[in-house]
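Here's the structure we're looking at; comments come further down.
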Amino acid sequence: MHPEALRTGRHGACRRAVRLLACVVALLGSQPVQAQPLGTPRYLVVDEQDKRLYGYDADGTPTGSVALDPANTRPQGIGGDLTTIYVVDAGLKQVFRYDATGAVEARSRVLRTPTGGSLGRPTGVSLDAEDLWILDRGRRAIYRYGLAEAFGEGGKLSANHEILLSPANSRAEGLAADADWLYVLDESDRQVYRYIRDYSGPVFASRVMRRSDGSSLGAPAGLTVVDTQLLVVDRSRDKILQYDLDELFAPGDPLAADGESPLDPANGDARGLHDVLEGTTQVAEKPFPQEVIDRINKERTDRKLPALTLSTKLQQAAQTHNNVLIQTDKSLTQLRNERLDGHQLPGERPLLHNIPLTKLEDTKKRQDRLTAVGYRWMQGGENVGESATPAAQVAAWMASTEGHREQILDPGVTEIGVAHGTTGTGKSFFTAVFGKEFPAQ
(Lines give C-alpha, C1' and ligand atoms only; values in the text may rest on other atoms or scores of the structure.)
Protein backbone atom coordinates (compact mmCIF):
# COMPACT_ATOMS: atom_id res chain seq x y z
CA MET A 1 0.00 0.00 0.00
CA HIS A 2 1.20 3.47 -0.76
CA PRO A 3 2.48 4.99 2.53
CA GLU A 4 0.36 8.13 2.34
CA ALA A 5 -2.71 6.20 1.24
CA LEU A 6 -2.37 3.88 4.21
CA ARG A 7 -1.95 6.69 6.68
CA THR A 8 -5.01 8.56 5.46
CA GLY A 9 -6.92 5.29 5.30
CA ARG A 10 -6.86 5.06 9.09
CA HIS A 11 -9.13 8.04 9.60
CA GLY A 12 -12.48 9.60 8.78
CA ALA A 13 -14.97 8.98 6.05
CA CYS A 14 -12.66 6.78 4.01
CA ARG A 15 -12.35 4.33 6.90
CA ARG A 16 -16.10 4.36 7.56
CA ALA A 17 -16.74 3.65 3.88
CA VAL A 18 -14.44 0.62 4.01
CA ARG A 19 -16.28 -0.74 7.05
CA LEU A 20 -19.61 -0.18 5.34
CA LEU A 21 -18.43 -2.02 2.25
CA ALA A 22 -17.18 -4.91 4.38
CA CYS A 23 -20.59 -5.14 6.08
CA VAL A 24 -22.40 -5.19 2.74
CA VAL A 25 -20.15 -7.94 1.40
CA ALA A 26 -20.53 -9.92 4.61
CA LEU A 27 -24.34 -9.79 4.28
CA LEU A 28 -24.00 -11.11 0.74
CA GLY A 29 -21.29 -13.59 1.65
CA SER A 30 -23.51 -16.63 1.16
CA GLN A 31 -23.92 -15.74 -2.51
CA PRO A 32 -21.24 -16.92 -4.97
CA VAL A 33 -18.86 -14.15 -6.00
CA GLN A 34 -17.77 -13.92 -9.61
CA ALA A 35 -13.99 -13.44 -9.55
CA GLN A 36 -12.57 -10.67 -11.72
CA PRO A 37 -9.28 -10.88 -13.62
CA LEU A 38 -6.20 -10.05 -11.58
CA GLY A 39 -5.93 -6.60 -13.14
CA THR A 40 -2.74 -4.55 -12.68
CA PRO A 41 -1.97 -4.91 -8.97
CA ARG A 42 0.89 -3.39 -7.00
CA TYR A 43 0.60 -6.07 -4.30
CA LEU A 44 -0.34 -9.74 -4.42
CA VAL A 45 -1.64 -11.95 -1.61
CA VAL A 46 -1.87 -15.73 -1.94
CA ASP A 47 -4.81 -17.47 -0.24
CA GLU A 48 -4.43 -21.11 0.79
CA GLN A 49 -8.09 -21.92 1.49
CA ASP A 50 -9.51 -20.96 -1.89
CA LYS A 51 -6.23 -21.40 -3.83
CA ARG A 52 -6.27 -17.95 -5.40
CA LEU A 53 -4.10 -14.91 -5.98
CA TYR A 54 -5.63 -11.60 -4.88
CA GLY A 55 -4.40 -8.28 -6.25
CA TYR A 56 -4.39 -4.83 -4.61
CA ASP A 57 -3.38 -1.47 -6.02
CA ALA A 58 -1.06 1.02 -4.29
CA ASP A 59 -3.98 2.43 -2.29
CA GLY A 60 -5.08 -0.99 -1.04
CA THR A 61 -8.07 -1.31 -3.34
CA PRO A 62 -8.69 -4.88 -4.59
CA THR A 63 -7.99 -5.29 -8.31
CA GLY A 64 -9.27 -8.84 -8.78
CA SER A 65 -8.26 -12.44 -8.25
CA VAL A 66 -7.35 -15.55 -10.23
CA ALA A 67 -7.28 -19.26 -9.43
CA LEU A 68 -3.94 -20.99 -8.93
CA ASP A 69 -2.95 -24.09 -10.86
CA PRO A 70 -5.04 -27.07 -9.61
CA ALA A 71 -1.85 -28.87 -8.53
CA ASN A 72 -0.79 -25.91 -6.35
CA THR A 73 -2.96 -27.11 -3.45
CA ARG A 74 -0.89 -25.87 -0.48
CA PRO A 75 0.24 -22.38 -1.50
CA GLN A 76 2.27 -20.60 1.17
CA GLY A 77 4.80 -17.91 0.28
CA ILE A 78 4.80 -15.68 -2.79
CA GLY A 79 7.56 -13.72 -4.53
CA GLY A 80 8.50 -12.55 -7.99
CA ASP A 81 9.17 -9.47 -10.08
CA LEU A 82 7.35 -7.21 -12.53
CA THR A 83 6.48 -10.00 -14.98
CA THR A 84 6.67 -13.24 -13.02
CA ILE A 85 5.02 -14.63 -9.87
CA TYR A 86 6.43 -17.51 -7.81
CA VAL A 87 4.31 -19.46 -5.30
CA VAL A 88 5.84 -22.17 -3.11
CA ASP A 89 3.79 -25.28 -2.37
CA ALA A 90 4.31 -26.70 1.12
CA GLY A 91 3.10 -30.16 0.15
CA LEU A 92 4.94 -30.72 -3.11
CA LYS A 93 8.12 -28.85 -2.03
CA GLN A 94 8.07 -27.15 -5.42
CA VAL A 95 7.64 -23.61 -6.70
CA PHE A 96 4.99 -22.74 -9.29
CA ARG A 97 5.83 -19.97 -11.74
CA TYR A 98 3.01 -17.78 -13.08
CA ASP A 99 3.00 -14.90 -15.52
CA ALA A 100 1.77 -11.43 -14.58
CA THR A 101 -1.84 -12.38 -15.34
CA GLY A 102 -1.73 -15.41 -13.04
CA ALA A 103 -1.42 -18.03 -15.80
CA VAL A 104 0.85 -20.91 -14.80
CA GLU A 105 4.08 -21.20 -16.81
CA ALA A 106 6.15 -23.90 -15.13
CA ARG A 107 6.76 -25.95 -12.02
CA SER A 108 10.21 -26.20 -10.42
CA ARG A 109 12.14 -29.33 -9.65
CA VAL A 110 11.52 -30.87 -6.22
CA LEU A 111 13.63 -28.79 -3.82
CA ARG A 112 15.90 -30.46 -1.29
CA THR A 113 18.26 -29.47 1.51
CA PRO A 114 22.00 -29.11 0.76
CA THR A 115 22.52 -32.74 1.83
CA GLY A 116 19.66 -34.00 -0.34
CA GLY A 117 17.11 -34.37 2.44
CA SER A 118 13.45 -33.52 2.06
CA LEU A 119 12.24 -30.04 2.96
CA GLY A 120 10.01 -29.78 6.01
CA ARG A 121 7.36 -27.10 5.54
CA PRO A 122 8.37 -24.36 3.10
CA THR A 123 6.46 -21.19 3.98
CA GLY A 124 8.26 -18.40 2.13
CA VAL A 125 9.90 -17.59 -1.20
CA SER A 126 11.93 -14.65 -2.45
CA LEU A 127 14.29 -14.14 -5.35
CA ASP A 128 16.75 -11.85 -7.03
CA ALA A 129 18.16 -11.96 -10.54
CA GLU A 130 19.82 -15.36 -10.22
CA ASP A 131 18.89 -16.87 -6.86
CA LEU A 132 15.77 -18.47 -5.45
CA TRP A 133 15.44 -18.32 -1.65
CA ILE A 134 13.13 -20.69 0.22
CA LEU A 135 12.11 -20.39 3.88
CA ASP A 136 11.54 -23.78 5.52
CA ARG A 137 9.68 -23.53 8.81
CA GLY A 138 9.92 -27.28 9.36
CA ARG A 139 13.71 -27.38 9.02
CA ARG A 140 14.13 -23.89 10.55
CA ALA A 141 16.37 -22.75 7.72
CA ILE A 142 16.59 -20.58 4.63
CA TYR A 143 17.83 -22.35 1.50
CA ARG A 144 19.32 -20.84 -1.63
CA TYR A 145 19.02 -22.34 -5.12
CA GLY A 146 20.08 -21.19 -8.54
CA LEU A 147 16.92 -19.89 -10.20
CA ALA A 148 17.81 -21.29 -13.61
CA GLU A 149 18.72 -24.66 -12.09
CA ALA A 150 15.47 -24.80 -10.12
CA PHE A 151 13.44 -24.52 -13.32
CA GLY A 152 15.83 -26.58 -15.44
CA GLU A 153 15.72 -30.22 -16.44
CA GLY A 154 15.86 -32.91 -13.79
CA GLY A 155 14.07 -34.29 -10.77
CA LYS A 156 15.33 -33.21 -7.37
CA LEU A 157 17.59 -30.24 -6.69
CA SER A 158 19.74 -29.77 -3.58
CA ALA A 159 20.22 -26.28 -2.17
CA ASN A 160 23.50 -24.43 -2.74
CA HIS A 161 23.57 -23.15 0.82
CA GLU A 162 21.58 -22.85 4.00
CA ILE A 163 21.16 -20.24 6.71
CA LEU A 164 19.96 -21.66 10.01
CA LEU A 165 17.23 -19.64 11.69
CA SER A 166 17.62 -18.18 15.15
CA PRO A 167 16.17 -20.52 17.81
CA ALA A 168 13.77 -17.69 18.74
CA ASN A 169 12.48 -17.57 15.15
CA SER A 170 10.57 -20.83 15.64
CA ARG A 171 7.33 -20.12 13.74
CA ALA A 172 8.67 -18.64 10.54
CA GLU A 173 5.87 -17.65 8.16
CA GLY A 174 7.18 -15.31 5.48
CA LEU A 175 10.35 -14.32 3.62
CA ALA A 176 11.44 -11.09 1.91
CA ALA A 177 14.78 -9.73 0.73
CA ASP A 178 16.58 -6.54 -0.17
CA ALA A 179 20.15 -5.92 -1.32
CA ASP A 180 21.69 -6.75 2.06
CA TRP A 181 19.19 -8.64 4.20
CA LEU A 182 16.78 -11.54 4.35
CA TYR A 183 13.70 -10.81 6.47
CA VAL A 184 11.79 -13.63 8.19
CA LEU A 185 8.43 -13.05 9.87
CA ASP A 186 7.58 -14.96 13.05
CA GLU A 187 3.90 -15.73 13.60
CA SER A 188 4.22 -16.38 17.32
CA ASP A 189 6.20 -13.44 18.69
CA ARG A 190 5.00 -10.93 16.05
CA GLN A 191 8.54 -9.91 15.19
CA VAL A 192 10.74 -9.88 12.10
CA TYR A 193 14.20 -11.44 12.14
CA ARG A 194 16.85 -10.00 9.85
CA TYR A 195 19.64 -12.22 8.45
CA ILE A 196 22.68 -11.10 6.47
CA ARG A 197 22.52 -12.45 2.92
CA ASP A 198 26.16 -13.55 2.80
CA TYR A 199 25.58 -15.97 5.73
CA SER A 200 27.81 -14.10 8.17
CA GLY A 201 27.22 -11.95 11.21
CA PRO A 202 24.56 -11.76 13.89
CA VAL A 203 20.78 -12.05 13.57
CA PHE A 204 18.71 -8.97 14.43
CA ALA A 205 15.20 -9.15 15.90
CA SER A 206 12.75 -6.30 15.39
CA ARG A 207 10.50 -4.68 17.93
CA VAL A 208 7.17 -6.41 18.51
CA MET A 209 4.69 -5.25 15.88
CA ARG A 210 1.28 -3.88 16.82
CA ARG A 211 -1.75 -2.70 14.90
CA SER A 212 -2.16 1.02 14.29
CA ASP A 213 -4.39 1.33 17.38
CA GLY A 214 -1.79 -0.43 19.55
CA SER A 215 -3.66 -3.75 19.77
CA SER A 216 -1.99 -7.09 19.11
CA LEU A 217 -1.55 -8.68 15.71
CA GLY A 218 -3.44 -11.91 15.16
CA ALA A 219 -1.63 -14.31 12.82
CA PRO A 220 0.96 -12.50 10.67
CA ALA A 221 1.59 -14.72 7.66
CA GLY A 222 3.57 -12.82 5.04
CA LEU A 223 5.74 -9.76 4.46
CA THR A 224 7.38 -7.70 1.74
CA VAL A 225 9.92 -4.86 1.72
CA VAL A 226 9.00 -1.66 -0.13
CA ASP A 227 11.92 0.80 -0.14
CA THR A 228 12.16 1.94 3.51
CA GLN A 229 8.87 0.31 4.51
CA LEU A 230 7.95 -3.21 5.55
CA LEU A 231 4.42 -4.51 4.92
CA VAL A 232 2.89 -7.44 6.80
CA VAL A 233 -0.29 -9.36 6.00
CA ASP A 234 -2.26 -10.64 9.01
CA ARG A 235 -4.57 -13.52 8.06
CA SER A 236 -6.44 -13.38 11.38
CA ARG A 237 -7.12 -9.63 11.33
CA ASP A 238 -7.56 -9.59 7.52
CA LYS A 239 -5.28 -6.58 7.23
CA ILE A 240 -2.12 -5.40 5.55
CA LEU A 241 -0.05 -3.29 7.94
CA GLN A 242 2.83 -0.93 7.24
CA TYR A 243 5.94 -0.21 9.34
CA ASP A 244 9.00 1.98 8.91
CA LEU A 245 12.05 -0.29 8.63
CA ASP A 246 14.41 1.93 10.60
CA GLU A 247 11.91 2.35 13.42
CA LEU A 248 11.09 -1.33 13.43
CA PHE A 249 14.71 -2.35 14.04
CA ALA A 250 15.52 0.46 16.46
CA PRO A 251 15.55 -0.38 20.20
CA GLY A 252 12.26 0.30 21.92
CA ASP A 253 8.84 -0.84 22.97
CA PRO A 254 6.31 -2.52 20.66
CA LEU A 255 5.76 -0.47 17.50
CA ALA A 256 2.31 0.51 16.21
CA ALA A 257 1.77 0.30 12.46
CA ASP A 258 1.96 3.53 10.46
CA GLY A 259 -1.14 2.44 8.61
CA GLU A 260 -3.28 -0.52 7.68
CA SER A 261 -5.66 -1.55 4.94
CA PRO A 262 -8.36 -4.26 4.83
CA LEU A 263 -8.11 -7.34 2.65
CA ASP A 264 -10.78 -8.30 0.17
CA PRO A 265 -13.43 -10.08 2.31
CA ALA A 266 -13.04 -13.19 0.13
CA ASN A 267 -9.27 -13.22 0.87
CA GLY A 268 -9.77 -14.89 4.24
CA ASP A 269 -6.72 -17.17 4.49
CA ALA A 270 -3.79 -14.97 3.44
CA ARG A 271 -0.50 -16.89 3.39
CA GLY A 272 1.96 -14.58 1.67
CA LEU A 273 2.45 -10.99 0.49
CA HIS A 274 4.43 -9.73 -2.49
CA ASP A 275 5.27 -6.28 -3.88
CA VAL A 276 5.16 -6.60 -7.67
CA LEU A 277 7.98 -4.06 -8.01
CA GLU A 278 10.20 -5.75 -5.42
CA GLY A 279 12.12 -7.94 -7.85
CA THR A 280 12.96 -4.95 -10.06
CA THR A 281 14.44 -2.82 -7.27
CA GLN A 282 15.71 -4.99 -4.45
CA VAL A 283 19.29 -5.51 -5.64
CA ALA A 284 21.20 -2.27 -6.06
CA GLU A 285 23.58 -1.82 -8.98
CA LYS A 286 27.21 -2.18 -7.90
CA PRO A 287 30.52 -1.13 -9.46
CA PHE A 288 31.95 -3.95 -11.56
CA PRO A 289 34.97 -4.63 -9.29
CA GLN A 290 32.76 -4.92 -6.20
CA GLU A 291 30.35 -7.24 -8.01
CA VAL A 292 33.26 -9.48 -9.04
CA ILE A 293 34.41 -9.64 -5.41
CA ASP A 294 30.88 -10.46 -4.24
CA ARG A 295 30.51 -13.20 -6.83
CA ILE A 296 33.90 -14.68 -6.00
CA ASN A 297 33.03 -14.69 -2.32
CA LYS A 298 29.75 -16.36 -3.12
CA GLU A 299 31.61 -19.16 -4.91
CA ARG A 300 33.87 -19.55 -1.88
CA THR A 301 31.21 -19.45 0.82
CA ASP A 302 29.08 -21.91 -1.16
CA ARG A 303 31.96 -24.35 -0.60
CA LYS A 304 32.45 -23.38 3.04
CA LEU A 305 35.60 -21.37 2.31
CA PRO A 306 36.06 -18.02 4.05
CA ALA A 307 35.20 -14.88 2.11
CA LEU A 308 38.09 -12.70 0.93
CA THR A 309 38.50 -9.18 2.26
CA LEU A 310 39.34 -6.18 0.10
CA SER A 311 42.97 -5.04 0.20
CA THR A 312 43.72 -1.54 -1.09
CA LYS A 313 47.26 -2.67 -1.92
CA LEU A 314 46.01 -5.56 -4.04
CA GLN A 315 43.45 -3.23 -5.59
CA GLN A 316 46.28 -0.92 -6.63
CA ALA A 317 48.27 -3.83 -8.09
CA ALA A 318 45.21 -5.01 -10.03
CA GLN A 319 44.49 -1.53 -11.38
CA THR A 320 48.10 -0.97 -12.49
CA HIS A 321 48.16 -4.21 -14.49
CA ASN A 322 44.66 -3.70 -15.89
CA ASN A 323 45.73 -0.27 -17.18
CA VAL A 324 48.57 -1.93 -19.09
CA LEU A 325 46.16 -4.43 -20.64
CA ILE A 326 43.87 -1.57 -21.71
CA GLN A 327 46.76 0.34 -23.27
CA THR A 328 47.65 -2.62 -25.50
CA ASP A 329 44.07 -2.65 -26.90
CA LYS A 330 44.65 -6.29 -27.84
CA SER A 331 42.63 -9.30 -26.79
CA LEU A 332 44.23 -11.97 -24.66
CA THR A 333 44.15 -14.29 -27.69
CA GLN A 334 46.06 -11.72 -29.73
CA LEU A 335 48.63 -11.42 -26.97
CA ARG A 336 49.10 -15.19 -26.85
CA ASN A 337 49.47 -15.31 -30.63
CA GLU A 338 52.23 -12.74 -30.27
CA ARG A 339 53.83 -14.96 -27.59
CA LEU A 340 53.09 -12.40 -24.90
CA ASP A 341 51.96 -13.24 -21.38
CA GLY A 342 48.75 -11.54 -20.28
CA HIS A 343 50.11 -11.55 -16.72
CA GLN A 344 53.44 -9.84 -17.57
CA LEU A 345 53.55 -7.55 -20.55
CA PRO A 346 56.73 -5.88 -21.88
CA GLY A 347 58.16 -3.43 -19.35
CA GLU A 348 56.20 -4.93 -16.43
CA ARG A 349 57.58 -6.65 -13.37
CA PRO A 350 56.22 -10.14 -12.60
CA LEU A 351 53.34 -10.35 -10.14
CA LEU A 352 55.49 -12.45 -7.80
CA HIS A 353 59.29 -12.75 -7.59
CA ASN A 354 60.23 -15.84 -5.65
CA ILE A 355 63.52 -15.63 -3.80
CA PRO A 356 64.55 -17.74 -0.81
CA LEU A 357 63.38 -16.09 2.41
CA THR A 358 65.49 -16.52 5.51
CA LYS A 359 63.84 -13.67 7.36
CA LEU A 360 60.88 -11.34 6.86
CA GLU A 361 63.08 -8.43 5.81
CA ASP A 362 64.03 -10.35 2.67
CA THR A 363 60.64 -9.46 1.21
CA LYS A 364 62.09 -6.01 0.51
CA LYS A 365 64.54 -7.58 -1.95
CA ARG A 366 61.80 -8.84 -4.19
CA GLN A 367 61.33 -7.10 -7.52
CA ASP A 368 57.69 -7.75 -8.28
CA ARG A 369 54.37 -5.93 -8.59
CA LEU A 370 53.01 -6.93 -5.19
CA THR A 371 56.15 -5.78 -3.39
CA ALA A 372 56.06 -2.54 -5.38
CA VAL A 373 52.72 -1.60 -3.78
CA GLY A 374 54.01 -2.45 -0.30
CA TYR A 375 52.34 -5.87 0.00
CA ARG A 376 54.62 -8.25 1.94
CA TRP A 377 53.15 -11.39 0.48
CA MET A 378 53.28 -14.92 1.80
CA GLN A 379 51.15 -16.12 -1.10
CA GLY A 380 49.68 -14.50 -4.20
CA GLY A 381 48.00 -15.06 -7.54
CA GLU A 382 46.19 -13.33 -10.39
CA ASN A 383 43.31 -13.90 -12.80
CA VAL A 384 42.81 -11.82 -15.93
CA GLY A 385 39.86 -11.95 -18.31
CA GLU A 386 37.97 -10.07 -21.00
CA SER A 387 34.27 -10.75 -20.43
CA ALA A 388 31.65 -8.04 -20.76
CA THR A 389 30.09 -8.32 -17.29
CA PRO A 390 31.09 -9.44 -13.77
CA ALA A 391 28.68 -12.39 -13.94
CA ALA A 392 30.14 -13.60 -17.24
CA GLN A 393 33.71 -13.08 -16.05
CA VAL A 394 33.40 -15.02 -12.81
CA ALA A 395 31.49 -17.77 -14.62
CA ALA A 396 34.31 -17.99 -17.20
CA TRP A 397 36.96 -18.23 -14.50
CA MET A 398 35.00 -20.90 -12.65
CA ALA A 399 34.66 -22.94 -15.87
CA SER A 400 38.35 -22.55 -16.75
CA THR A 401 40.78 -25.47 -16.79
CA GLU A 402 43.81 -23.17 -16.71
CA GLY A 403 43.99 -22.52 -12.96
CA HIS A 404 41.51 -19.65 -12.64
CA ARG A 405 38.98 -21.73 -10.70
CA GLU A 406 41.70 -23.08 -8.41
CA GLN A 407 42.89 -19.53 -7.73
CA ILE A 408 39.38 -18.39 -6.74
CA LEU A 409 38.92 -21.39 -4.42
CA ASP A 410 42.44 -21.37 -2.96
CA PRO A 411 42.03 -21.75 0.82
CA GLY A 412 45.43 -20.16 1.41
CA VAL A 413 44.58 -16.64 0.23
CA THR A 414 42.72 -14.17 2.45
CA GLU A 415 42.54 -10.89 0.48
CA ILE A 416 41.62 -9.64 -2.97
CA GLY A 417 41.72 -6.60 -5.22
CA VAL A 418 39.86 -6.25 -8.53
CA ALA A 419 40.03 -3.77 -11.40
CA HIS A 420 37.97 -3.31 -14.55
CA GLY A 421 38.19 -1.09 -17.58
CA THR A 422 37.43 -0.84 -21.28
CA THR A 423 39.51 0.21 -24.27
CA GLY A 424 38.60 2.84 -26.81
CA THR A 425 37.49 0.06 -29.15
CA GLY A 426 35.19 -1.48 -26.54
CA LYS A 427 37.34 -4.33 -25.22
CA SER A 428 36.62 -5.13 -21.57
CA PHE A 429 39.32 -6.30 -19.17
CA PHE A 430 39.18 -7.62 -15.61
CA THR A 431 42.13 -8.24 -13.31
CA ALA A 432 41.74 -9.94 -9.92
CA VAL A 433 44.76 -10.20 -7.61
CA PHE A 434 44.71 -12.57 -4.63
CA GLY A 435 47.07 -12.68 -1.69
CA LYS A 436 47.98 -13.37 1.89
CA GLU A 437 50.33 -11.02 3.69
CA PHE A 438 52.85 -11.58 6.47
CA PRO A 439 51.38 -10.38 9.77
CA ALA A 440 52.40 -6.83 10.69
CA GLN A 441 55.21 -6.57 13.20
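Obtain the nm distance between the two label points defined at E348 and A219 by a simple spin-label model: each point lies 7 Å from its Cα along the Cα-to-C-beta direction.
For E348 paired with A219, the spin-label model returns 6.3 nm.
Which entry is the computed Cα extents along the principal axes in Å for this structure: [x] 77, 56, 50; [y] 70, 66, 45; [z] 88, 46, 44?
[z]
Want the number for D227 to A106: 0.36 nm per residue separation, take away the alpha-carbon distance, what's left?
Working it through step by step, the gained length comes to 40.6 nm.
FRET efficiency for R211 and E130, Cβ-Cβ distance as r, R0 = 25 Å, nearest 0.05?
0.10
How large is ³J(HN,Hα), in whole Hz, for each residue of segment 168-178 in order, when computed from phi with the Karplus curve 6.51 cos²θ - 1.76 cosθ + 1.60 and θ = phi - 60°, using x for Gly and Pro?
Ordered by residue, 3J(HN,Hα) equals 6, 8, 8, 10, 5, 10, x, 9, 9, 9, 10 Hz.
Compute the angle between helix 288-302 and the longest alpha-carbon principal axis of the chain, please, reported from 0 to 90 degrees and rounded to the nearest 10.
80
Work out from phi, with θ = phi - 60° and the Karplus expression 6.51 cos²θ - 1.76 cosθ + 1.60, the ³J(HN,Hα) of each residue of segment 220-232, listed in order in whole Hz, and give x for Gly and Pro.
x, 9, x, 8, 8, 9, 10, 6, 9, 10, 10, 10, 10
Expressed as a whole number of Å, what is the distance separating the alpha-carbon centroids of segment 46-61 and segment 389-423?
44
For a Förster distance of 25 Å, can you work out the FRET efficiency between the beta-carbons of T83 and I196, rounded to the nearest 0.05?
After rounding to 0.05, the efficiency reads 0.30.
Can you list the HN-Hα couplings for segment 419-427, worked out from phi with the Karplus curve (6.51, -1.76, 1.60; θ = phi - 60°), rounded to whole Hz and with x for Gly and Pro?
So the Karplus estimates, Gly and Pro as x, are 10, 9, x, 10, 8, x, 9, x, 6 Hz.
Using Cα centres only, tell me the gap between segment 69-144 and segment 300-314 in whole Å.
A separation of 30 Å, based on Cα centres.
Could you check the simple spin-label distance between R140 and A392, using points 7 Å along Cα→Cβ, in nm with one decimal?
Here the modelled spin labels are 4.6 nm apart.
Relative to the longest principal axis of the chain, what angle (0 to 90°, nearest 10) does the C-alpha long axis of helix 390-399 take?
60
How far, in nm, would the chain grow between N323 and D59 when pulled straight, counting 0.36 nm per residue and subtracting the alpha carbon separation?
Value of the extension gain: 89.8 nm.
Enter the accessible area per residue of the chain (Å², integer; probe 1.4 Å; all protein chains in place).
Roughly 45 Å² per residue, with all protein chains present.
Compute the acute angle (0 to 90°) between the alpha-carbon long axis of helix 312-328 and the principal axis of greatest extent of the alpha-carbon atoms of the chain; round to the nearest 10°.
Around 70 degrees separate the two axes.
In debye, nearest 20: dipole of the chain around its Cα centre with unit charges on the Cβ of K, R (+) and D, E (-)?
860
Taking Cα pairs under 8 Å and at least six residues apart, what relative contact order does the chain come out at, in percent?
12
Put a dot 7 Å past each Cα toward the Cβ at R405 and E153; how far apart are the dots in nm?
Modelled inter-label distance: 2.0 nm.
The values are calculated or read from the model by the stated rules, or taken from the named source; none is laboratory data. The shown structure was predicted, so the numbers you read here are calculated from the model rather than taken from an experiment. A quick note on method: Cβ atoms are made from the backbone with ideal geometry, for glycine too, and the neighbour counts reach across all protein chains shown. Areas reflect the complete protein model, heavy atoms only, side chains present, ligands, DNA and RNA absent. Shrake-Rupley method; radii C 1.70, N 1.55, O 1.52, S 1.80 Å.
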